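Let me begin by presenting the structure, written as structure tokens, before commenting on it.
The values are calculated or read from the model by the stated rules, or taken from the named source; none is laboratory data. Remember, it's a predicted structure, so these values are computed and weren't measured experimentally. When we count neighbours, we look across all protein chains shown, and the Cβ atoms used for this are built from the backbone with ideal geometry, even at glycine. We work out accessible area using only protein heavy atoms, side chains counted, and drop any ligands, DNA or RNA first. Shrake-Rupley method; radii C 1.70, N 1.55, O 1.52, S 1.80 Å.
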Amino acid sequence: MNTTSLIVGNLCSLLAMVTDSISASRKTTKGVLLVQSLSQLIYCTGTVILKGYSAAVQNAVSILRNLAAIRGQTPKLAQWFLVALGVVLGLAFNNLGLPGLLPVAANLEYSLAIFRFQDNERALKLAFLVSVGLYAVFNHFIYNIVGFVSNTAVVITTAIALLKGRKDSRGA
């Protein structure tokens, strides 16, 4: 991989980190999912450039999943189709072995959470925390330092938002 690809791919990760942090502060499920869709598009671009294809297809499926969830009342068959699509494409495009399965697991976990907890902002943020944590480990394996640092920052930002929301709900 050339230096230009590393720089551009890592810049995409940096920009996606900013949008992920913004999503953690949204107050509605629709707001969380819209900002996360933009973030997934940016991540997808960066992972294609960095040749992490299993992650790139997971990001593309995540966009479809989020848009379906925003639309609401997604039929169960369509939900399961998107979950299966993520797993099948992730396995088909996995060029990294075991580390390449981490984005597949992250997308599977978050997809199931979105379709199960569509109207529960706190549950979505918790599921997002787990998903981004798996992506942090993936980025560590592929030496995407910006992606690893940004995912770690998003995990921290999301955890703080969850703790703050928990504290606020107790005080109300």
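Return yes when Val87 is under 12 Å from the mean Cα position of the chain (by Cα), among the aliphatic types (A, V, I, L, M), open to solvent by less than 60 Å² (accessible area, probe 1.4 Å) and modelled with pLDDT of 90 or more and no when it is not.
Judged against the criteria, Val87 is not a match.
If I filter region 106-120 down to residues being surrounded by fewer than 17 Cβ atoms within 10 Å (Cβ to Cβ), in contact (Cβ under 8 Å) with a residue 12 or more places away in the chain and not in a loop (DSSP other than H, G, I, E, B), which single residue comes out as nearest to the chain's Cα centre (by Cα)?
Among residues in region 106-120 that are surrounded by fewer than 17 Cβ atoms within 10 Å (Cβ to Cβ), in contact (Cβ under 8 Å) with a residue 12 or more places away in the chain and not in a loop (DSSP other than H, G, I, E, B), the one nearest to the chain's Cα centre (by Cα) is Glu109.
Mind checking which residues of region 1-51 are part of a helix (DSSP H, G or I) and over 27 Å from Ala68 (Cα atoms)?
Listed by number, the residues that qualify are Thr3, Thr4, Ser5, Leu6, Ile7, Val8, Gly9, Asn10, Leu11.
Within region 7-39, track down each residue that is small (Gly, Ala, Ser) and open to solvent by less than 20 Å² (accessible area, probe 1.4 Å).
Gly9, Ser13, Ala16, Ser23, Ala24, Gly31, Ser37, Ser39 - these are the residues of region 7-39 that are small (Gly, Ala, Ser) and open to solvent by less than 20 Å² (accessible area, probe 1.4 Å).
Could you grab me the full set of residues in region 136-148 that are in contact (Cβ under 8 Å) with a residue 40 or more places away in the chain, in a helix (DSSP H, G or I) and open to solvent by less than 80 Å² (accessible area, probe 1.4 Å)?
Scanning region 136-148 gives Phe138, Asn139, Val146, Gly147.
When you go through Ala105, Ala78, Ala60, Ala69 one by one, which is the residue that is touching a Phe, Trp or Tyr at 6+ places or on another chain (Cβ under 8 Å) and among the aliphatic types (A, V, I, L, M)?
So the residue among Ala105, Ala78, Ala60, Ala69 that is touching a Phe, Trp or Tyr at 6+ places or on another chain (Cβ under 8 Å) and among the aliphatic types (A, V, I, L, M) is Ala69.
Among the candidates Ile42, Ile49, single out the residue that is crowded, with 18+ Cβ neighbours inside 10 Å and in contact (Cβ under 8 Å) with a residue 40 or more places away in the chain.
Ile49
Determine whether region 70-82 contains at least one residue that is in contact (Cβ under 8 Å) with a residue 40 or more places away in the chain, small (Gly, Ala, Ser) and surrounded by fewer than 23 Cβ atoms within 10 Å (Cβ to Cβ).
Yes, region 70-82 has at least one match.
Got at least one residue in region 67-76 being at pLDDT 90 or above, over 14 Å from Ala16 (Cβ atoms), more than 11 Å from the chain's Cα centre (by Cα) and not small (Gly, Ala, Ser)?
no
Just name the residue that is nearest to Thr28 (Cα to Cα) out of those in region 90-104 that are surrounded by fewer than 18 Cβ atoms within 10 Å (Cβ to Cβ) and free of Cβ contacts under 8 Å to residues at least 40 places away in the same chain.
My answer is Leu91.
Quick check: anything in region 120-138 at negative phi and in contact with a Lys or Arg (Cβ under 6 Å, 6 or more places away or on another chain)?
no
Go over the candidates Leu124, Leu129 one by one and state the one that is aliphatic (A, V, I, L, M) and without any contact (Cβ under 8 Å) to a residue 60 or more places away in the chain.
Of Leu124, Leu129, the one residue that is aliphatic (A, V, I, L, M) and without any contact (Cβ under 8 Å) to a residue 60 or more places away in the chain is Leu129.
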